[in-house]
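This report concerns only the one structure given below.
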Amino acid sequence: DSFAAAIDDLAMAVLLGELPVADRHLNQLLGAGEPAVRLIRVLAGWVTRLLRMRMDVERGQTAEQVVDGARPPIFWKVKDRVAVVLGRWSAERLARVSESLLECEIALKRARAPDQLLLRRTLDAIASQGRRSADRREVRG
């Protein structure tokens, strides 16, 4: 379904630090009337799943093995990007992202500020971390 594809694309763009791409997908979802709280919850679910997968990587499996063995299966269009995310983000950093998404959800529920502003700030902060992670990998690479 188009929501699932758009949220997958948003999650990957945010975690890979692709700010313009993330912004485009976020605008698409918000423009379709998706509530900010729903988006944050679905993204938190993605991060929780990635955290469990990353723990398998830290136990010695390759990112590709973890992605190929994932249950439920990872949609084929995002498999390669998920493997890249697993290579860039440690379990510790993904746990911090999960906490930040939970804090955003709580703030959204009692927000006095516009929902979209809180959501954008949170996702921009995560995407910035993803971008810095990519930059460090390129320097080492």
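Here are the numbers for the structure shown:
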| item | result |
| --- | --- |
| Among residues of segment 62-104, those that are farther than 14 Å from LEU15 by Cα and crowded, with 18+ Cβ neighbours inside 10 Å, counted | 5 |
| Close pairs from segment 73-84: first in a helix (DSSP H, G or I) and charged (D, E, K, R), partner open to solvent by 70 Å² or more (accessible area, probe 1.4 Å) and at pLDDT 95 or above, Cβ under 8 Å, at least 6 apart | LYS79/ASP68 |
| Segment 1-48, subset open to solvent by 50 Å² or more (accessible area, probe 1.4 Å) and closer than 15 Å to PHE75 by Cα, residue nearest to the chain's Cα centre (by Cα) | ASP9 |
| Failed criterion for ARG88 (all others in (1) modelled with pLDDT of 95 or more; (2) over 24 Å from VAL37 (Cβ atoms) hold) | (1) |
| Residues that are closer than 21 Å to LEU86 by Cα and of a type in the set (D, E, K, R), drawn from segment 31-58 | ARG41, ARG49, ARG52, ARG54, ASP56, GLU58 |
| Residue among GLY33, GLY45 that is part of a helix (DSSP H, G or I), free of Cβ contacts under 8 Å to residues at least 12 places away in the same chain, of a type outside the set (Ser, Thr, Tyr) and within 23 Å of ALA6 (Cα to Cα) | GLY45 |
| Sole residue being at pLDDT 90 or above and among the aliphatic types (A, V, I, L, M), chosen from VAL139, VAL57 | VAL57 |
| Residues that are among the small types (Gly, Ala, Ser) and farther than 15 Å from ILE126 by Cβ, drawn from segment 20-37 | GLY31, ALA32, GLY33 |
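The values are calculated or read from the model by the stated rules, or taken from the named source; none is laboratory data. Note that the coordinates shown come from a computational prediction; the quantities given were computed from them, not determined experimentally. Please note: Cβ atoms are built from the backbone with ideal geometry, for glycine as well, and neighbour counts cover all protein chains shown. What goes into the accessible areas is simple: the full protein's heavy atoms, side chains included, and nothing from ligands, DNA or RNA. Shrake-Rupley method; radii C 1.70, N 1.55, O 1.52, S 1.80 Å.
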